[in-house]
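S.K.: Pasting in a structure now, in structure tokens, and then I'll have a few things to ask.
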Amino acid sequence: MIKPVFVRGVTIGEGSPKICMPLVARNRAGLRAAAREAAGLRPDLLEWRADYYEGLNAGDIPELLWELRGEIGEMPLLFTFRSSEEGGVRPLPEEGRLSLMEAAVEAGADLLDAELSLGEGRLGPLLAHAHARCRPVILSNHHFEGTPPVAEMVDILRREQACGGDIAKLAVMPHSPADLLALLEATLRMQEQFARIPLITMSMGAVGLPSRVCGGLFGSAVTFGAGRQASAPGQIGVQELRAFCRALNPPEN
């Protein structure tokens with residue numbers, strides 16, 4: 001049985017895949033503008049990709065999150081500071097990233113993204129810190145160079161689950177339609193055989209785009225749609241993505 005994640009009235013892991021829109025602004029004015037755009041598009045949840053924000057310090061986060069909340073209302077907000085090794089924009093040592101993540105948890109971000117590559121020694125205290133404040137954590141892993149074998153992808157998702165993540169995420173880069181099929185097969189195998197938590201999986205780029213649309217049929221609980229600017233290769237607009245998802249996941253009568 002999958003244990004869903006409930007955040008501000010949104011249930012991740014039940015029903016149709018939820019649409020998450022990234023906010024990728026470089027400064028305060030841009031962040032507020034992106035949040036206003038998101039409020040109009042009404043995705044299910046938002047991701048603040050804080051690695052795009054220039055010169056961000058832990059002390060800035062409470063005020064910025066307060067301003068964001070004023071723009072987006074009750075939409076759930078995911079805080080992510082992606083490492084440069086896994087597609088992030090701003091290089092920052094581990095200690096700095098951990099400090100920002102802890103500050104976001106304290107300041108009221110609804111969910112936190114943490115990379116599996118931090119290792120159990122770093123993840124343990126971070127997960128404990130987030131869970132003590134009732135903040136679910138997405139454990140993530142990204143492969144921008146290629147698509148691992150199916151068994152390896154399943155193993156990554158299982159390790160994210162075993163480490164205590166509330167949601168397991170995997171993103172890979174395909175070089176052929178076979179790679180896209182491998183990602184979908186890994187998702188389905190994990191969903192049917194091992195998953196106790198919701199999954200988020202995607203194959204990136206143009207070849208992988210179908211995974212963003214049909215991933216829910218294989219077990220992916222969230223898909224990412226762009227506003228004016230995408231945060232990863234292959235993202236399509238929120239409105240277009242919503243139309244596809246409704247066609248593939250019609251409401252039950």
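The values are calculated or read from the model by the stated rules, or taken from the named source; none is laboratory data. A quick note: this is a predicted structure, and the numbers were derived from the prediction, not measured. FYI the Cβ positions are ideal-geometry reconstructions off the backbone, even for glycines, and counts take in every protein chain you see. Note: accessible area is taken over every heavy atom of the protein model, side chains too, but ligands, DNA and RNA are not part of it. Shrake-Rupley method; radii C 1.70, N 1.55, O 1.52, S 1.80 Å.
S.K.: For region 155-168, take each phi angle, set θ = phi - 60°, evaluate the Karplus expression 6.51 cos²θ - 1.76 cosθ + 1.60, and give the result in whole Hz per residue in order, putting x for glycine and proline.
M.R.: Each residue's phi maps through the Karplus curve to give 4, 4, 4, 5, 5, 4, 5, 5, 6, x, x, 8, 9, 10 Hz.
S.K.: List the GluC sites (Glu not before Pro) in region 58-161 that DSSP assigns to loop (not H, G, I, E or B) and whose Cβ has at most 16 other Cβ atoms within 10 Å. Which are they?
M.R.: Numbers: sites: E63, E67, E71, E74, E85, E86, E94, E95, E102, E106, E115, E120, E145, E152, E160; in loops: E74, E145.
Answer by residue number: E74, E145.
S.K.: Can you tell me what share of the DSSP beta bridges in the chain is antiparallel? A percent to the nearest 5 is fine. All intermediate terms of the calculation are to be shown ahead of the outcome.
M.R.: Numbers: 3 of 33 bridges.
Antiparallel bridges make up about 10 percent of those DSSP assigns within the chain.
S.K.: Counting only the heavy atoms of the protein chains, how much of V238 is accessible to a 1.4 Å probe, in Å² to the nearest 10?
M.R.: 0
S.K.: Moving on to the next point. So what is the relative contact order for the chain, in percent, with contacts set as C-alpha pairs under 8 Å and at least six apart? Before the final figure, lay out the partial values.
M.R.: Working: 497 pairs, mean separation 50.8, N = 253.
The value is 20 percent.
S.K.: Roughly how many nanometres apart are two label points built 7 Å out from the Cα toward the Cβ at R8 and F194?
M.R.: 3.2
S.K.: Something else now. Count neighbours as other Cβ atoms within 10 Å of each site's Cβ, and list the trypsin sites (Lys or Arg not before Pro) in region 64-147 that are DSSP loop with at most 14 such neighbours.
M.R.: Loop-located and lightly packed - R133.
S.K.: Please report how far the C-alpha centroid of region 136-208 lies from that of region 71-87, rounded to the nearest whole angstrom.
M.R.: Region 136-208 and region 71-87 have Cα centres spaced 19 Å from each other.
S.K.: Right, something else. Identify which of D113, D44, D60 has the largest mean-square fluctuation in a Gaussian network model of the chain, with springs joining Cα atoms closer than 10 Å.
M.R.: Result for the chain, Cα springs under 10 Å: D60 fluctuates most.
S.K.: I would also like to ask the following. R0 = 30 Å: FRET efficiency of E37 with A162, Cβ-based, nearest 0.05? Each step should come with its number before you reach the end.
M.R.: Working: r = 38 Å, r/R0 = 1.26.
FRET efficiency, E37 to A162: 0.20.
S.K.: Sort R8, R49 by heavy-atom solvent-accessible area, probe 1.4 angstrom, most to least. Mind dumping the intermediate values first?
M.R.: Numbers: R8 95, R49 15 Å².
I get R8, R49, largest accessible area first.
S.K.: Which percent of the accessible heavy-atom area of region 25-156 goes to carbon and sulfur, probe 1.4 angstrom? List each step's numbers first, then the result.
M.R.: Working: 2680 of 5330 Å².
For region 25-156, the apolar C and S fraction of the accessible surface comes to 50 percent.
S.K.: Taking amide H atoms as placed 1.01 Å from N in the peptide plane, list the residues 5 or more away in sequence, or in a different chain, whose amide H sits under 5 Å from that of H143.
M.R.: When sequence neighbours closer than 5 places are left aside, the close amide H contacts are A171, V172, M173.
S.K.: Which three extents, in whole angstrom, do the alpha-carbon atoms of region 102-253 cover along their principal axes, largest first?
M.R.: The principal-axis extents, from largest down, are 39, 35, 32 Å.
S.K.: Obtain the nm distance between the two label points defined at A128 and W66 by a simple spin-label model: each point lies 7 Å from its Cα along the Cα-to-C-beta direction.
M.R.: Placing both labels 7 Å along Cα→Cβ, they lie 3.0 nm apart.
S.K.: Looking at region 164-225, which trypsin sites (Lys or Arg not before Pro) are in a loop (DSSP not H, G, I, E or B) and have at most 15 other Cβ atoms within 10 Å?
M.R.: R196
S.K.: Collect residues whose amide H, placed 1.01 Å from N in the peptide plane, falls under 5 Å from the amide H of I200; neighbours closer than 5 in sequence don't count.
M.R.: Close amide H contacts, sequence-distant or interchain: A168, K169, L170, A221.
S.K.: Let me ask something additional. For the chain, what is the accessible area per residue in Å² when the probe is 1.4 Å? Write out the running numbers ahead of the final one.
M.R.: On the way: 10820 Å² over 253 residues.
For the chain, the solvent-accessible area averages 43 Å² per residue.
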